[in-house]
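Notes follow once the structure below has been shown.
The values are calculated or read from the model by the stated rules, or taken from the named source; none is laboratory data. All figures in this text were calculated on a predicted structure; none of them were measured in a lab. Here the Cβ is made from the backbone with ideal geometry for all residues, glycine too, and neighbour counts use every protein chain on show. Note: accessible area is taken over every heavy atom of the protein model, side chains too, but ligands, DNA and RNA are not part of it. Shrake-Rupley method; radii C 1.70, N 1.55, O 1.52, S 1.80 Å.
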Amino acid sequence: RAGFAALLFDYRTFGQSGGEPRCRLVPPMQVQDARSALSFAQSEQGRALGLSGERLALFGTSLGASVAVATAGVDARVKATFTAPLTRVALRLRRADATWPVPAITPPITRAMMAMTTMISMRVMPSL
């Protein structure tokens, strides 16, 4: 059968997930949450919803792009990643329009992305 099933989730403290303080950005926690989502996809509950526990891929945008790549670097269950990092777009918009509200959060996001890149390098690069 052609097609795919998707499991959407919010990281803890983000979106509809619980937890305090809200929107707490700790990249290893977001990777752990992604790995928990993979485990759910492989569970009986996930299979009952039509998820395949064998052919797992991750898709992430913005921060989620870093989380997808970092998770793939530490979890062999991930067979592919599809990413669309948006940090460079926000930085370009910051230069174009200093009054746009997103640039105020761009520096912390950029630091988080760089932290993820460091983590990815430490965990993935030695095995290449």
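Once region 26-43 is narrowed to residues that are open to solvent by 60 Å² or more (accessible area, probe 1.4 Å) and without any contact (Cβ under 8 Å) to a residue 60 or more places away in the chain, the residue that is farthest from residue 66 (Cα to Cα) is 42. In the condition set (1) at pLDDT 90 or above; (2) surrounded by fewer than 13 Cβ atoms within 10 Å (Cβ to Cβ); (3) under 14 Å from residue 10 (Cα atoms), residue 61 is compliant with all but (1).
A quick yes/no check of all residues on (1) within 13 Å of residue 5 (Cβ to Cβ); (2) hydroxyl-bearing (Ser, Thr, Tyr):
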site	(1), (2)
33	no, no
49	yes, no
52	yes, yes
57	yes, no
61	no, yes
67	no, no
75	no, no
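Quick check: is even one residue across region 7-21 at pLDDT below 85, in contact with a Leu (Cβ under 8 Å, 6 or more places away or on another chain) and open to solvent by 60 Å² or more (accessible area, probe 1.4 Å)? No, the conditions are met nowhere in region 7-21. Could you look through region 64-84, keep only residues that are hydroxyl-bearing (Ser, Thr, Tyr) and buried (at least 18 other Cβ atoms within 10 Å of the Cβ), and pick out the one that is nearest to residue 39 (Cα to Cα)? Filtering first and then ranking leaves 71.
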